[in-house]
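Right, one structure below, let's go through it.
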4 protein chains.
Amino acid sequence: MNLSLRKARTIIRKAFEKGAEMELKPLSAVVLDAGGHVIAFERQDGAAPGRFAIAHGKAYGAVMLGMAGTAQMARAEQQPYFMAAVNGVYGGQTIPVPGGVLLRSTKGAVIGAVGLTGDTSDNDAVAALAGIEAANLIGEI
Amino acid sequence: MNLSLRKARTIIRKAFEKGAEMELKPLSAVVLDAGGHVIAFERQDGAAPGRFAIAHGKAYGAVMLGMAGTAQMARAEQQPYFMAAVNGVYGGQTIPVPGGVLLRSTKGAVIGAVGLTGDTSDNDAVAALAGIEAANLIGEI
Amino acid sequence: MNLSLRKARTIIRKAFEKGAEMELKPLSAVVLDAGGHVIAFERQDGAAPGRFAIAHGKAYGAVMLGMAGTAQMARAEQQPYFMAAVNGVYGGQTIPVPGGVLLRSTKGAVIGAVGLTGDTSDNDAVAALAGIEAANLIGEI
Amino acid sequence: MNLSLRKARTIIRKAFEKGAEMELKPLSAVVLDAGGHVIAFERQDGAAPGRFAIAHGKAYGAVMLGMAGTAQMARAEQQPYFMAAVNGVYGGQTIPVPGGVLLRSTKGAVIGAVGLTGDTSDNDAVAALAGIEAANLIGEI
């Protein structure tokens, strides 16, 4: 199952709506395909300029490792040197905290990931998941 | 003048409409702010996975040098070693061909850039410019 | 359609058999998936130590651009600064010559790429294509 | 003593058989020569796309430092900043945990390394060692 641009747009738009509803800070969201390549990204007005790299890092690490942000953070707490090394082998492109959400097909295969950033990591994950569910997809935070 | 996400969305959407009208291959488009940072990106279904880097490179070089794609290409034809070195100093993130379009305010200040890729460089620039004009902005190809 | 490890093994093994039949120098071959990620690689005894990067670069550029080695070489002949810049945006990981062969599904979608290196670029492409056809896949050299 | 492609294939195949016997998750395995260069790699169907970098990092650090994964992890627990710096000097290409297994000749010389990833680090090391022993080589986990 390939993730379409239409689905990606829905995820981002609905995640931003959730953020507005929760009164979160300005958000940025990226949607990656199953190979870790960008399908779509948006940064809300007022967000810091470097948000693409954070959103991308959350989603990229999730796809490349097949491990969502929450599991990555647990591993980083337990073995910080391991996640630091993972960051190195992936060219510095990973951020191991919530807000990196795996997208799974109904059969369980990873079909991509969403990276959301701007508020607390936990709120980021909630907004991402709302967007994913609005697109009728399965998210693993 | 800051470029809003709303403007960026309009640019991308209208550039894609122009591409459809011209029957171009699947397109990818990025909009960067005046600091060279990503505001929005979309890759159409069927485009190759690596299109973000190409779109980004076209726009990033334009902002960083204050020189649109056409001028960069002219310089590359004349002094290839110069544009190769520019690619190096900007961390490999520049693509000196049309499709990298500067966004200017009515007073002439650079307020960002659009990077468009997918078809020939010249067609890419035409589609990007159509998007920019639909957003009531001034583009320099 | 996902490329299986079994298919990847067949491609490499049959490409090496073709190389032996043609009395080519020791070969190295990589098979990447549709996201440009390594499924399998083998370097024959006697090949130079750096062959992984060459094989990988041929295949990686093909997947990321959706353009096989022959087309990349033509573009490099015409616009050397463009392919040099492409190398930069992809982190130095592309080699624009024959031997980078796109794998396509019967519907035409890119499902991966093979990178073969060790002999002349043209012989590399012939051996790669033999492996691909032995695996009942469609190659674009 | 040089490590042949035939030996490398045996190591990978037998490590995967051990993984199947132990009911491990999908595995990925790389075999590097004494110079840290890739001889062979395979990623089983269902493994995450980024597994090459993890397998490679485990094996590459082992060869470059002459220190297997278990010893590297002990050092990382004691001096995380040291292993972080090692990751940096080797271009981000090291992963200091079990599953990076040194290959030694009967005289004790390092002739290469195996990097295995996919399950827990300890299970990864067990599977790697099984492959190494099936190839009549000496492994140091």
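The values are calculated or read from the model by the stated rules, or taken from the named source; none is laboratory data. As the structure is a prediction and not an experimental result, all values here were calculated from the model. All Cβ positions, even for glycine, are placed from backbone atoms using ideal geometry, and neighbour counts span all protein chains on display.
Any idea which of B:Ala76, B:Ala15, B:Ala20 is assigned to a helix (DSSP H, G or I), buried (at least 20 other Cβ atoms within 10 Å of the Cβ) and either touching a Lys or Arg at 6+ places or on another chain (Cβ under 7 Å) or more than 9 Å from every other protein chain (Cβ to nearest Cβ) (or both)? Walk me through it before giving the result.
On the way: B:Ala76 fails: either touching a Lys or Arg at 6+ places or on another chain (Cβ under 7 Å) or more than 9 Å from every other protein chain (Cβ to nearest Cβ) (or both); B:Ala20 fails: buried (at least 20 other Cβ atoms within 10 Å of the Cβ).
Checking each option against the conditions leaves just B:Ala15.
For the condition in contact (Cβ under 8 Å) with a residue 12 or more places away in the chain, part of a helix (DSSP H, G or I) and under 20 Å from D:Glu140 (Cβ atoms), what is the one hit in D:Val86, D:Val30, D:Val97, D:Val101? Explain how you work it out, then say what you get.
Working: D:Val30 fails: part of a helix (DSSP H, G or I); D:Val97 fails: part of a helix (DSSP H, G or I); D:Val101 fails: part of a helix (DSSP H, G or I).
Of the residues listed, the single one that is in contact (Cβ under 8 Å) with a residue 12 or more places away in the chain, part of a helix (DSSP H, G or I) and under 20 Å from D:Glu140 (Cβ atoms) is D:Val86.
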Matching residues in region C:23-37 (more than 14 Å from chain A (Cβ to nearest Cβ) and more than 11 Å from the chain's Cα centre (by Cα)) number 5
How many residues are basic (Lys, Arg) and crowded, with 18+ Cβ neighbours inside 10 Å when one looks only at region B:23-47?
1
Would you point out which residue out of C:Ala40, C:Ala48 is at pLDDT 95 or above, within 15 Å of the chain's Cα centre (by Cα) and more than 14 Å from chain A (Cβ to nearest Cβ)?
C:Ala40
Quick check: is even one residue across region D:48-66 of a type in the set (Lys, Arg), crowded, with 22+ Cβ neighbours inside 10 Å and not in a loop (DSSP other than H, G, I, E, B)?
yes
Farther than 19 Å from B:Ala15 by Cα and part of a helix (DSSP H, G or I) - does that describe any residue in region B:109-121?
no
Go through the residues of region D:43-52 one by one and say whether even a single one is touching an Asp or Glu at 6+ places or on another chain (Cβ under 9 Å) and in contact (Cβ under 8 Å) with a residue 24 or more places away in the chain.
no
Hits in region A:79-97 - residues which are buried (at least 24 other Cβ atoms within 10 Å of the Cβ) and either out of contact with any helix residue (DSSP H, G or I) (no Cβ under 9 Å at 6 or more places or on another chain) or away from every other protein chain (no Cβ under 12 Å) (or both):
A:Ile95, A:Pro96
Subset of region C:99-128 [away from chain B (no Cβ under 14 Å) and either aromatic (Phe, Trp, Tyr) or surrounded by 24 or more Cβ atoms within 10 Å (Cβ to Cβ) (or both)]:
C:Gly99, C:Val101, C:Val114, C:Gly115, C:Leu116, C:Thr117, C:Gly118, C:Asp124, C:Ala125, C:Ala127, C:Ala128
